[in-house]
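The values are calculated or read from the model by the stated rules, or taken from the named source; none is laboratory data. Worth saying up front: this structure is predicted, and the values here are computed from it rather than measured. Glycine also receives a Cβ, built like all others from the backbone with ideal geometry; neighbour counts cover every protein chain displayed. All accessible areas refer to the heavy atoms of the entire protein, side chains included, with ligands and DNA or RNA removed. Shrake-Rupley method; radii C 1.70, N 1.55, O 1.52, S 1.80 Å.
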Amino acid sequence: RALVPAFSEWFLSGGEIAYDAAGEQTIVFSDGLVTAYHATSDRWETLYETDPAMPDEWTAGTARVGHWMVYDPVNERLVVYGGWARRLNDWVQVEADDVLAFDPATRTWTVLLEPSEPHDGGAAGRLTPPAIP
């Protein structure tokens with residue numbers, strides 16, 4: 001039996017799973033980790049992982065939780081909307097008009113729609129995750 005990959009212990013979640021029809025795989029994306037489950041061979045594969053050592057960068061917004069994700073069959077990619085983005089020491093709410101796309105075949109991200117206002121990381125947008133015992 002395949003081992004399920006470990007994701008963030010963060011309590012928020014959204015629609016973080018979608019079926020990639022072109023790749024015939026189920027994709028899960030949370031906190032900078034994109035993994036694919038191959039049902040025919042009962043195995044997991046890491047497609048992308050955000051570098052957690054990037055100091056105070058948005059890491060292209062890919063270290064994200066609480067977002068929504070759908071599969072776009074026309075362009076054979078996953079589209080990600082909203083959520084919370086992780087920086088080096090905190091989480092900041094992402095504007096709802098920030099939209100990214102992930103191409104499972106090339107394992108690359110594209111910004112489809114920049115946020116209407118820059119993410120300033122101000123105190124109003126910060127969220128500190130609770131301690132997990």
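Below, the figures for the structure above:
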read-out: Under 11 Å, Cβ to Cβ, from Leu78 - net charge with Lys/Arg +1 and Asp/Glu -1; value: -4
read-out: Per-residue SASA entry for Trp68, accessible area with 1.4 Å probe, Å² rounded to 10; value: 150 Å²
read-out: Long-range HN-HN contacts of Asp31 with modeled amide H, under 5 Å; value: Arg64, Val65
read-out: Per-residue HN-Hα couplings for the range 62-74 [Karplus 6.51, -1.76, 1.60; θ = phi - 60°; Hz; x = Gly/Pro]; value: 8, 8, 9, 9, x, 8, 10, 9, 9, 8, 9, x, 5
